[in-house]
Structures are given as C-alpha cells and as structure tokens.
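Following: one structure in structure tokens, then a few remarks.
The values are calculated or read from the model by the stated rules, or taken from the named source; none is laboratory data. This one's a predicted model, so the numbers in the text were calculated from it and none came from an experiment. Cβ placement follows ideal geometry from the backbone for every residue including glycine, while neighbour counts extend to all protein chains displayed. Note: areas computed on protein heavy atoms with side chains; ligands, DNA, RNA excluded. Shrake-Rupley method; radii C 1.70, N 1.55, O 1.52, S 1.80 Å.
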Amino acid sequence: MNVTLADDNPNAARWNANTTVGVKDLTFDSNFAFLIISLLVVAVWVIYITFYNSRLFGLIVTSIVNRFIDQNAYFKVGSFSFSVLSGKVMFRDLAYITTDSTVRVQDGFFIFRWWRVYVPKEASDLSSRDTRLFVVLNGLELHLYNRSWVYSRLERLFGLEQLLLGPDGDGGDPEEPPDKGGGGAGSPPPTDAEVAALDPYRSWRDLVPVIKADISTGRVVFGNRLVPTTLIVSVEEAKCLYSTKPSASQYDLFMHYVIMAPSRSYTGRRDDPPRYMGEGFVVLQSNNVDIYAYMDVPGWVPDGIEETETERLANGDPCESPPPVCGIEVKCGRGTDFSYGPWADRQRDSLFRFFFPTSYEPQRVTPPARPGQRRLHQALDVRVSTLFDATMDVLFTKNQETSAIHMNLGPGSYMEITVPWVVGETGCCNRVIGQLLHLDATTSLTSDSRLTSLVVGETGCCNRVIFGQLLHLDAITSLTYRNLLECESLEFNVSMHYPIYWNEKCDWTFSLTFCKTTAYFVYAHKYFLTDLLDDWSSSQPPDLLRFAPCTWSFQMLFKEFELITLTNAGNWIDCSSQSPENAHLAVCGDMLDLGFDLPFTDFLPETVPFLFRVEAECLELLMWLPEVRASRAVLLSLASNGLVSGRDGGTYTPGAPAGTAATTVTSASTSATGAAAATDAAGTPGSAPGSDGVEQTTARSEGGTVRWKNLCKPSSGWVDCWRVPVLSLRIGYTYHPMPPFGPSPQADIPTPDKEAILLSPLRAPKRKMSPLDTGAPVTRDDFCPDSLAPDHISVDLELGPSELFVYGALVDNIINFKDNIFGVYEAFTDMACWRDGPPAGSGSGSASGESMSPPAAPTGSPPDKLQPFDPRKFRPFKVTVAVTMHDIRGHLMKNCAPGDPPCPTLTLERIGFEMSKSYWETRLQLLLSPIVAVVQDTVPRPEPHRHLGEGHLVLSGLQVRGHAMFSNRGRSVEEDTVEYDR
C-alpha cells in the first residue's frame, strides 16, 4: 500500500484567486438539472409576481364583477393586488361604464387598518373616532353624459318607439317613483328596540367611523357630443373626510357628512364663448375650496303623528320637529374668480334641457309621510361663501367684440341655495337670496329657467333657491370710462313660483338691497347695458312649446346712495385714473325705492305695458368742479360765505364744513371759519371723484341731520345745490315687442301663399320665401315710421317741498347734463385720444371708437344686401311728460360779509310742466304760481321807513306754451326729423 503524504507547509490561495472550471469538467447530473430548473422557476415567478400577478388578478376580478352587475354596465380593473400584512389594496386602470355615466380612476389604493381594536360604542357622534380606512385616488374622472331612464320614460309617455333601453330596459317603472317612505302605508312604526336591532348601519359605523380620502387630479364632466358645450369641474388636489354625526331631529337615525370645455364631435350650431382660458371658458376657479356635505338618514314617523310632527323639549313643552336636513357648504379661499354671462347661461340652459328634458306633465303632489313610513327630506341647502377677496366677471359680446363688467367682492360674501323637495297643490316657489359686501363694479370693452322638485307635498313647494350676501362689492366696466358701482353690501332675494301645470302663469320676484352705494352714469352705459340684455335674450324664434306665462317683479332699494354723472361741455371725459379733470353732478339720498313689473303673460303679444315706480327720500343735488376750472374758487367762496335764510327764520351757510351744526350766524367769526374752509377745500389735492374714496364720512345738513357721504363730501369741494325731502316718479312704457323672425300662424297665410312657400325650393333661381312674405316687401325708400303704432312713454314726476341754491355754474352744468344725456353729445369722447391730435376718421361728434351704438353700413354697400330691412327697428316714440314741484324756496347765492343780510330768496308755491312729443310735433306748456322775491339790506333807516329794509317782488303767475312741428322730407329712416323753419 502506497501512502502519499501532503506537504507539511502548504500555501493558502488568495480569496480572490481566479479559478476557472471548464464546461467539460461539469457533471450534468440530476442535481444540476434541478438547480437550473429552480433558477428558471424563480426567475419566472419573480417576473410574474412583479409584472403579471396584479394583471391576472385584475382579469379575475373583472370577470367576477361583470357576472353580478347589470347587463348594460361594464366593470374593468387593469391590475389588482393586496397585502394582508399592511392591509393595503392597490389597483390601476379602474373603470365602471354604464349607459348614463362613467367612472374612471387611473390608479389608487386604500389601507384598512385591521390591527386597530374594534370596540363598539353607543355614541352617535363618530366624527372624533380614529380613522380605520384611508383611500388614495389618482386621476379620478366622473363623466355624466346621459339620463337614459328619463328619455325612455318620455318615449313611453309620448308613445314613441322604445329605442334607448327597450321594453326590458333597466329604467324601472317610470310611472311609479321608488318608495321613499321605506315601509308600507299600513305598516306600524318599529319600536326603539327594533330600530336598534334592525339598524343596518350600526356595525359598519363602529367598524369604519371615519373615512379619509385623498384625490389627485380629479374632474367631473357633464355633457356629450349632442350638446354644444361640456361642463368640467376639475381639481388638482382634494382631501375628503366622511363620518356621521347626530341628526337634527330625534326621529331620524344619524347624519352623514363629507368634507371634501367645448364638446368634441359636436355637429350643431357653434356659439363661441367670449373668452377662452385653457381648455375652455372657466366659470369658477380658486386656489383652495373646502366642501362640507351633510345628510340625515331619515327615521320613521311615530305612531299617531301624521301631518304635524312634534317633539318635546327638555322642559316638556311641545315644538315642531325639524325635518331631516341635507346640504352642502362650499368655502372658497384665495384666488377665487367667478365668470358668467349670456353665453355661459345659454350653455347652462342647453345642458339643463339635455339632462332634464320637459315632459309637459303636471307635477305630482306627494302626500306627507304617514306612521310607519320614513320621514322625508324637505330641501337641499347649498351655501357658497368667500373667505378672502374674490372677483366676478360678467362677459358678453357685441359685434364679435368682448365686453365685461368686472366686480371685486370682499371677504364674507355668501350665497345660499335651497332647493326644496316638496311641491304642493299650488305648485312650488323658488327663492334666491344673497348678499355682496363692498361691491365695486366697472365696465370694459374688449331664458328659459327651470327647477325640478323631487318630492311633492300638500301645501306647495317653496324652493328657496339662493340666499346670499356680497360684501365690499366693486364693479367696473370695459369702457374707457370704467367706473360703474361701489357699495358696501348687496343683498338679493329671488322668489320664483312654479304652478302645477307647466304652462300656467308663474310669478318671479327679484329684490335687491344696496347699502352705502356710489353709482356712476354716462349715456354710454345705456348702450352698454342694452347690448348685455340683447346678448342675454334669446335669439331663437318664439316657440309655443317653450313658452310659459310669467311676470317678473323687480324691487330695488338703495339705502344711503350717491349717483354721480359727468357734466363736461361737449361730453369730453377725462378717463385717466389719476386726478381726472371732470365736472360732476351728484344726487345723494337716504333712500330710493325702485319697483317695476315685466309681464310676459301672452304669447307674441302686440304690446307689453311696463310701469316703473320710484320713491325717494332726503335727496340732495351736489356739484363739483375740477381745479382747472376758473370758476371753482368763485363757487367755493359763494358756498362758504353765502348766508341763506331758513324756513324757521334763522340763517345758515349751506357750504359749512361737515360736522358743524346748522346754527344762526350772528358773529364775524363764523364767516371767517367758512372762508377758511372754502380755501382748504379749493386747495385739497386728490379730492376729486375717482380717488380712493376709502374714507367715508357723514355730512350735516340744515337741522343737524347727519348723512352718509362717500365721495360727495363738502370737505372735498362738493357744493350743495338742491334739497328735496321726498320725490315720486311714475314711468309708464307701452312697448311693441320685436321677436326674431319665425313662421307666423298658418291661419294668417292664404292657401296660394302656402303653396308658393312649399314649392319655392323647386323654383330656381328665386329665393326661398318666408311665411312673413305675405305681401309686397317694404323697403327703406317707401317706408314711413308713422305707419307703425308708436311706443308710448309717460313720465309723471312730483317733488315735495324743496330748497334750491342757485349758482351760475349750476346753470351751466345743468345745460351740459341736458346735452350729454338728452342732446347731441350722447357718445362721450376721451380726452386722452385727442392729446396728440384727433384719431383718423373721427368727427367732431364721435366718441373715439367708444360709441356703443350699432355700426353703420360700409360706404358703397347697399344696406339691403347686408341684412333684410326690418321696419320694426324704426318704430317712433310718443312721449308724455308731467312734472309738478311744490313749495320751492330758492336762494340767489352771493358773498356775504360779516353783518350783511342773507342772499335774496325766491318762494314759489307750485310749478307745473307738461310736454307731449310725437313723430310729427311737440307741444309743451309751463305753469307758474305766484312768485315772491325777498331782498334784504342793512341800511339804517328812521322808524317810519324801516320796513323798506326788506323788499318784495311779486309775479302773480306765468303760463308759457310752445308748439313745434317736424318733417321727415328728404331724411332717411335712420335720421331724425327736422323742425319747420318759419
């Protein structure tokens, strides 16, 4: 036997020695094959677990869910995975599609914290419990595009072929709504023990008391390709919380609460929006929005209580039990911007008609819940408020040019919407109430409404739709002269009554209350607002199937207001924001009440009568001149140094500084004080209207009455000119409507004309006839406006005892006001446009492109070829005016040195003015009662002649009549008639 001994001192190999084994040296046995197979299985398993396991589970879950859901719905999940240890379930590409809506989620997960101990508690308020379920959704989209069960119901109602859901559709019985009572009419109400035992919500409420959800990049879409515009509500990030709280009534179980662009392929007529932002017209945007939703779970009506539900207080007194509540509170944070207007309202109407089509059925009266049935929700309350400054834009277009009213809203503005779910025997009454705080409105130059009540009751449906308050409202326009409105608060209340039958008369009442308001008016605002109303009114021909008789009643109340207008010569306006050089007249008062009704009770009426009622109290007319006027110093000196005699026999200075009481002037120091105040007012910089005007003070008038003033303060150079304690104005307007052209009633068209209209498409090359073409066409050359019955306007103005302070500058400003509002200078001219010379193509009476009137036809193009001649646009006006003023006391202002007598005084018992103007003539008359002029002096006279210190001049009466006649010979229909030259 040979024994080989190893080396006694071997060398150890390094750990990183490169030792290779050749393939030929490997032994391919079963162990090696098992190793290779194991490695391949592990690799495949890892790849499967990583990439395909969740997808396979998604297919399995998709198949299982689709077996149990409705055949008209489809469920899909791209991938599905879960982890038992962490209680986490993840999914991707989730979609649930039905015939009416689609819910899609790009990816998400939810975590169920199963390790937390489940401890049932008897407390009804679970909002403070721990969160056991947490949900995260990314790319959530809810798309509502149909209401198939409503359309299927209309098909059966109108006897049409069942095309949507078919005879076996899942829309249910459209004639019988689901039983909201939750029990039969004769079933007895459950006892408290039965309620506790049968409560299906108690277990999951204890298990999952609070649910939190985070949503990233979500949106809700309303519309499809059949409507011109799609409504999109998008959010970048949302955090939601769901829990339950005690209900509002002891008869209910508990309360749920949650804190949380153009259509493609549309082939109809396009209506371009006035402004695009991103994907479309943005109606509402905000950096942060908090949403709080709550809803009571109705309980059962107790036994023995049917119509009047009562409960007991702690002291045992009975009281009416509140109904189950349901509502949403929306709080808008910083960067909130609202945009609306005629175009947006038309899109709202089209969406509303698509999702809530009219069935022309009488509304059903829902009886009150009886014992054994569940209590009914009475209304849905929605409140929208702003926590910080917000903006609101009202956009409209005229001749493809965008105009806007821009409003700034102060924090605290809110709007409350209450949609009732009860309709009674007389129908439903919807109310809209709101308030805007610190409103500032300016301008810029760049329908058919329905509500559906869900539940019907015996006493009627009172839909208190919107209640709100806007604070610190500031509105401007897009005109060059931007000022429009400023007010501390605006409250609005709209009540809309809808009868049981869709074509019965309904009444809408609009109530607006303005507090501490400063409003501006130029004649261009009339065209501006007319264009807004024209764009908002329907451009479609009248349709009897869409007509419902209605009366709109408006009530506007101004508390402590200022109405300012510009009185520059020739209506030249300085539109610069820094120290504008404009003369102003302002009407200030404590109260102005404006009311009028718009009766739309007949379909295509021949005339529509309107009546406007105006009542005002404690009115003042003030005047302001810019510092560039040479007469400003004279005016302020007269106002500060003039002494007038009051009705009580004392004397006072009308231009006394604000805060000084009206007292009898008996010393030289008072006159010196008034002169100093006049000097300070004349040299005060930045006192012109258009400055900040943040400081709001009060002015003290004769008798010590303190009144609110924002801009029209005596310390800023405003001069008091007229005081009227009460005013009454009535304006009647008989209007001939001008609906868009459409087919007239067929009974008015003779049979040969009907045949000609029907065959006109086959008789080329003549144009297609219209049902309006029943006689010879009317052209501009042979049309006389007097052939149409005129629109009639009647004005009846009556003023109570008034006091007038006459200045020379006042007469000049009143003449300028007449020319700028009722004369030849209606369109204003911006001074800034003429500093470097007149604009090209402008005339002396142009408004430098600011005129809001319709543009004239291009030179050399016949007007008839541009658009058909519509003689209704040239209907004449007939105006009747009656003005009555009582007990007028006028003062001819002059400078009064110390010891001088007061200014001359004129007293007049009554003034009557009447005017009647038609297309061919104007008649007027002026009636004056006896006028007494009183002049005093301080010349010392002996006793027998001392009475000569007060002189009197009396005019026993005056009557003036005038008659002017006009002719339209040689004048086009667009031009005014001219007076005969005698």
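Data for the structure
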| item | result |
| --- | --- |
| In Å², nearest 10: area of I328 left accessible to a 1.4 Å probe | 60 |
| Using a Förster distance of 60 Å, the FRET efficiency for A630-F356 (Cβ separation, nearest 0.05) | 0.35 |
| D70 paired with Y340, simple spin-label distance in nm, labels 7 Å along Cα-to-beta-carbon | 3.3 |
| Computed lengthening from L533 to V881, 0.36 nm per intervening residue step minus Cα-Cα distance | 122.6 nm |
| Whole-Å distance, taken between Cα centres, linking the stretch 910-935 and the stretch 28-95 | 96 |
| Members of K398/K505; K526/K559; K526/K894; K516/K894 lying beyond 31 Å, as alpha-carbon distances in this model show | K398/K505; K526/K894; K516/K894 |
| 1.4 Å probe accessible area per residue over the stretch 36-98, in Å² | 70 |
| Cut-off 13 Å (backbone N to label point 7 Å along Cα→Cβ of R647), residues of the stretch 795-815 | 800-804 |
| I60-F510 FRET efficiency (beta carbon distance; Förster radius 51 Å; 0.05 resolution) | 0.30 |
| Whole-percent carbon and sulfur share, accessible surface of the stretch 36-98, 1.4 Å | 73 |
| Relative packing of peptides 796-805, 606-615, 958-967 - highest average C-beta neighbours within 10 Å first | 796-805, 606-615, 958-967 |
| Between the stretch 229-246 and the stretch 545-620, the Cα center-to-center distance that results, in Å | 41 |
| GluC sites (Glu not before Pro) restricted to DSSP loop in the stretch 880-982 with at most 14 other C-beta within 10 Å | E974, E975 |
| Accessible area of S86 in the full protein assembly, 1.4 Å probe (Å², nearest 10) | 50 |
| Between the stretch 212-228 and the stretch 941-961, the Cα center-to-center distance that results, in Å | 83 |
| Where C240, C903 fall by accessible area, highest first, once all protein chains stay in place (1.4 Å) | C240, C903 |
| Pair F51, A964: separation of 7 Å Cα→Cβ label points (nm) | 9.2 |
| Charge sum, other residues only, whose C-beta stays under 11 Å from C515's C-beta, Lys/Arg counted +1 and Asp/Glu -1 | -1 |
| Contour minus Cα-Cα distance for M915 and D900 (0.36 nm per residue) | 1.2 nm |
| Per residue accessible area in Å² of the stretch 861-982, where ligands, DNA and RNA are left out and the probe is 1.4 Å | 66 |
